[in-house]
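Novice: Following this message is one structure expressed as structure tokens.
The values are calculated or read from the model by the stated rules, or taken from the named source; none is laboratory data. Please read all numbers here as calculations on a predicted model, not as lab measurements. No Cβ is skipped: glycine too gets one built from the backbone with ideal geometry, and neighbour counts run over all protein chains shown.
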Amino acid sequence: MISQWQLRAAFAARLSDMYGREVPAYTTLVDVSREVNEDVLRAQGADAERLGSISRVTAERHGAIRVGTPAELSQVARVFGALGMHPVGFYDLREAAASAIPVVSTAFRPVDGEELARNPFRVFTSMLTPADPRFFDADLRSRLEAFLAARELFPPELLALADRAVAERELPDDEAERFLQLAVAAFELSTEPIDKVWYETLERISAVAADIGGVRSTHINHLTPRVLDIDELYRRMTERGIEMIDAIQGPPQWKGPDLLLRQTSFRALAEPRAQRTEDGSVISGALRVRFGEVEARGIAVTREGRALYDHLLGLLDQRAALHPDGGPPCSSEAESLGDDRTELARTLWAEHVPGTERELAAQGLGYFTYHVVPDRPGDGSRPPTGIDDLVEQGWVRAEPIVYEDFLPRSAAGIFQSNLSGEGSRDNAQEGAAYDSEWLSGAIDREVLDPFALYERQQNESLAQVAQELRLDGT
Ligand code: OOG
Ligand code: NI
């Protein structure tokens, strides 16, 4: 029998093999990430594993897919449900960038601590928004919806096996093998010729709309390894001649604790793809739809911590707008573009963000789990009752909770860095309303709130501490 986490780990590994065969630059990214991780481990020892064991980090990947309809997203939820992955978080990318990105998204991932430690594979999953009149007029919307309704992304056999894995929480060996083969195949890039006129019609709205609704299948569009030093990774990839996007998205590199998520990527490469023209003939063409991304993960922040992050991004935009041409001549190659913005960000962070984990916890900005220190030398005194005092006086140790989710602004940046045209969005129209509740209803399962998940983990550890130290006075 193969359990759900074993299916998840096997799926992530096979997907990674497939992507490596088809997108060679991804293999370079994985190799360089591994080298950097080994170097960081050598230099920092146990500290390098503070946000996850090296075995977890080495195997860790996230992927991204894009689908067209709530019905397709429900099928995705069944396939990933088989792997013990659940929809977490709602991301509205329609407003998050200057270019037109007509999607709303969620991420499928394991939710409890033990499952995450076994294998944290996650997939950022976006769904097209044909009902948003800012992007699609009534005629195009109905043609698009008809096209999407007529395609099949996942064979019935795959969905039946998925439902069985969800119900039984495991699959027999042969069924597991079949499930994995069908699941990986469903996310490979199709070789079916694309309809040139239809694809280009959608491309005028947005390259993302064409990538989703212009073809009869879906595909993994990137797969992202995790690295312990993303600045070093960026330098080494650049040295190898792989052209990265000009910035690392997310918080700046700074002297305080790593928070949230930092990401960078290389642009999609042109891959040959046959096209069917209006007169029915098939010609050769190329599409740029698959790219590479790498990320460094930091501590999960509370709602207050997140509000602070968003506030600082806003301040950064304002200040950067005052220095539109970048800063002084660049001192190092890796920071060539966006040098000024990076410097500004670092200054802002140093001014506003606590510089230690201890302060982050005390100010209620970051999530931690708490653990009784077993060998604290006793002096006969009773422990204090407040968590800050318990930590301060050495009764309890705090371990940071790693951020398992995504950032809408960074996600929009990743989408945007791979769009060739600006696309079009009619801002005179009122946008269609999509939110987390809508999405939960559309896929008939709850889209979970990431903050609630981190909070639960923190609270469970606090309850355990209270019990072990008998803080309730019993
Ligand atoms: C998803 C882009 C977002 C991330 O890591 O933020 C993403 C896409 O391009 O489909 O994967
Ligand atoms: Ni990504």
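Novice: Of all the residues that make up the stretch 231-248, how many are within 14 Å of ligand 2 (Cβ to nearest atom) and crowded, with 22+ Cβ neighbours inside 10 Å?
Specialist: Number satisfying all stated conditions: 1.
Novice: Follow-up. Would a scan of the stretch 287-310 turn up a residue that is farther than 28 Å from Arg236 by Cβ, assigned by TED's automatic domain parsing to the domain that holds Ile220 and at pLDDT below 95?
Specialist: There is at least one residue in the stretch 287-310 that is farther than 28 Å from Arg236 by Cβ, assigned by TED's automatic domain parsing to the domain that holds Ile220 and at pLDDT below 95.
Novice: Now for a separate question. Counting only residues that are part of a helix (DSSP H, G or I) and surrounded by fewer than 13 Cβ atoms within 10 Å (Cβ to Cβ), how many does the stretch 442-455 have?
Specialist: Within the stretch 442-455, residues that are part of a helix (DSSP H, G or I) and surrounded by fewer than 13 Cβ atoms within 10 Å (Cβ to Cβ) number 1.
Novice: Another question about this same structure. In the stretch 266-280, is there at least one residue being in the same structural domain as Phe187 (by TED's automatic domain parsing) and hydroxyl-bearing (Ser, Thr, Tyr)? First the steps, then the outcome.
Specialist: Let us first name the residues in the stretch 266-280 that are in the same structural domain as Phe187 (by TED's automatic domain parsing), namely 266-280.
Pick out the ones that are also hydroxyl-bearing (Ser, Thr, Tyr) and you get 277.
Within the stretch 266-280 (the criterion being in the same structural domain as Phe187 (by TED's automatic domain parsing) and hydroxyl-bearing (Ser, Thr, Tyr)), the answer is yes, since at least one residue qualifies.
Novice: Now for a separate question. Tell me, which residue of the stretch 263-287 that is within 16 Å of ligand 2 (Cβ to nearest atom) and in contact (Cβ under 8 Å) with a residue 40 or more places away in the chain is farthest from Ser417 (Cα to Cα)?
Specialist: Pass one, the stretch 263-287, residues within 16 Å of ligand 2 (Cβ to nearest atom): 263-268.
Next cut, in contact (Cβ under 8 Å) with a residue 40 or more places away in the chain only: 263, 265-268.
Details: Gln263: 12, Ser265: 8, Phe266: 8, Arg267: 7, Ala268: 9 Å.
Out of the qualifying residues, it is Gln263.
Novice: Looking at this structure, is Ala209 touching a helix residue (DSSP H, G or I) at 6+ places or on another chain (Cβ under 6 Å) and assigned to a helix (DSSP H, G or I)? Break it down stepwise before answering.
Specialist: Values: touching a helix residue (DSSP H, G or I) at 6+ places or on another chain (Cβ under 6 Å): yes; assigned to a helix (DSSP H, G or I): yes.
Answer is yes for this residue.
Novice: Is at least one residue of the stretch 433-440 aromatic (Phe, Trp, Tyr), more than 16 Å from ligand 1 (Cβ to nearest atom), in the same structural domain as Asp375 (by TED's automatic domain parsing) and buried (at least 18 other Cβ atoms within 10 Å of the Cβ)?
Specialist: No, the stretch 433-440 contains no residue that is aromatic (Phe, Trp, Tyr), more than 16 Å from ligand 1 (Cβ to nearest atom), in the same structural domain as Asp375 (by TED's automatic domain parsing) and buried (at least 18 other Cβ atoms within 10 Å of the Cβ).
Novice: Continuing with this model, one more query. Out of curiosity, is Ser190 small (Gly, Ala, Ser), surrounded by fewer than 21 Cβ atoms within 10 Å (Cβ to Cβ) and more than 17 Å from the chain's Cα centre (by Cα)?
Specialist: yes
Novice: Right, another one. Can you find a residue in the stretch 60-81 that is of a type in the set (Lys, Arg), more than 13 Å from ligand 1 (Cβ to nearest atom), in the same structural domain as Arg226 (by TED's automatic domain parsing) and not in a loop (DSSP other than H, G, I, E, B)?
Specialist: Yes.
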